[in-house]
1. Condition check: without any contact (Cβ under 8 Å) to a residue 60 or more places away in the chain, within 17 Å of THR36 (Cα to Cα), surrounded by fewer than 18 Cβ atoms within 10 Å (Cβ to Cβ) and basic (Lys, Arg). Does ARG150 satisfy that?
2. Please enumerate the residues belonging to segment 204-232 that are aromatic (Phe, Trp, Tyr) and either open to solvent by less than 40 Å² (accessible area, probe 1.4 Å) or not in a helix (DSSP H, G or I) (or both).
3. From the list PRO241, PRO279, pick out the single residue that is modelled with pLDDT of 85 or more, of a type outside the set (A, V, I, L, M, F, W, C) and open to solvent by 50 Å² or more (accessible area, probe 1.4 Å).
4. Kindly provide the set of residues from segment 1-31 that are in contact with a helix residue (DSSP H, G or I) (Cβ under 7 Å, 6 or more places away or on another chain), part of a loop (DSSP other than H, G, I, E, B) and farther than 21 Å from ALA222 by Cα, ordered by number.
5. Return the residue satisfying two criteria in turn: it lies in segment 153-182 and is touching an Asp or Glu at 6+ places or on another chain (Cβ under 6 Å) and open to solvent by less than 40 Å² (accessible area, probe 1.4 Å), and of such residues it is nearest to MET221 (Cα to Cα).
6. From the set of residues in segment 123-147 that are of a type in the set (D, E, K, R) and surrounded by 13 or more Cβ atoms within 10 Å (Cβ to Cβ), which is farthest from CYS187 (Cα to Cα)?
7. Being in a loop (DSSP other than H, G, I, E, B), modelled with pLDDT under 90 and touching a strand residue (DSSP E or B) at 6+ places or on another chain (Cβ under 7 Å): is that true of ILE123 here?
8. Give the residues of segment 253-265 that are over 13 Å from HIS18 (Cβ atoms) and either in a helix (DSSP H, G or I) or open to solvent by less than 60 Å² (accessible area, probe 1.4 Å) (or both), sorted by residue number.
Amino acid sequence: MKKIGLTLGGGGAKGFAHIPILEVFDELGIKPCCITGSSVGAVLGALYASGQSAKDLVALIHELIIPQNATLKDLIRNKGTLKILDLIDPHISLKPQGLLKGDKLLGYVCKRMQASTFEELEIPLKTVSTDYWRHEQVVADSGPLFSALRASMAIPYIFTPVVEADRVLVDGGLTNSVPHDLLDPKCDIRIAVNIMGTTSNAMNKPPSPREAIFHTYQVMMAAMALEKRRNDPVDIYLEPPLVNIDMLDFHKPWEIYKQGLKAKDGFKRQLDALLSGKPKTDWLRRKDAD
């Protein structure tokens, strides 16, 4: 069996679009030999590397987020549908370092992994965070999982940073949003998933203050990912067609998941062709014939 390396990019709530990609691996009955991830990609990568299936990840969304097609009456009758609200831990301080700590939510997620260290994972994993003051990426692949994931997802201002020895660690997307350059070079097939998406806004529309903050962050990540792709090409580079999804749209898991599904069939054909040794043009011809 060919060795597959998988990279899951960062993007906050857009990470729900990674799940349809992971479903392809489950449906084909295969697993990556290694995973790299940044921010939400690191968290989902850790869950999958611990043995959780894509189906398990969908079940986790059901546990934490409002179910599909839930009405206001459903929410009033069943307060459990808002479980995620119980896991929000605001950082209350005279000098707050971020709006949220993130410890409760990540702690709840980590319990599903049944692994507390990188060494306990079924699939080798590398995560990326950023040394804020030194302006450099920090790669973790051993030791405690919680602190590495907590640092990788620490979007500045939204989540408090992780202070570790002489370093202040924040979101990995600042330095390496789609870290496919960290995949094992011995992989036969290298796959990267970039979930930045696009917007339908008019190109001459001035941004609102909120858009100016978060879209500027995404502009930086997109430029970084493009340069990384040019310098370190992979066999399959996926960009699920997400439209008008913001990094903090955690209340839209099913919409994001459904948009991510649009990339699933094409990816499955690509991967199946590479695994069977067929020319890449073969899956393109089949796609056109569908």
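The values are calculated or read from the model by the stated rules, or taken from the named source; none is laboratory data. All values reported here derive from a predicted model rather than from experimental measurement. Backbone-built Cβ (ideal geometry, glycine too); neighbour counts: all protein chains shown. Accessible surface areas use protein heavy atoms only, side chains included; no ligands, DNA or RNA. Shrake-Rupley method; radii C 1.70, N 1.55, O 1.52, S 1.80 Å.
1. no
2. TYR217
3. Details: PRO279 fails: modelled with pLDDT of 85 or more.
Going through PRO241, PRO279 in turn, just one is modelled with pLDDT of 85 or more, of a type outside the set (A, V, I, L, M, F, W, C) and open to solvent by 50 Å² or more (accessible area, probe 1.4 Å): PRO241.
4. Within segment 1-31, LYS2, LYS31 qualify.
5. Ranking the qualifying residues of segment 153-182, first place goes to ILE155.
6. ASP131
7. Criteria not met by ILE123.
8. If the condition is that a residue be over 13 Å from HIS18 (Cβ atoms) and either in a helix (DSSP H, G or I) or open to solvent by less than 60 Å² (accessible area, probe 1.4 Å) (or both), then TRP254, GLU255, LYS258, ASP265 are the ones that fit.
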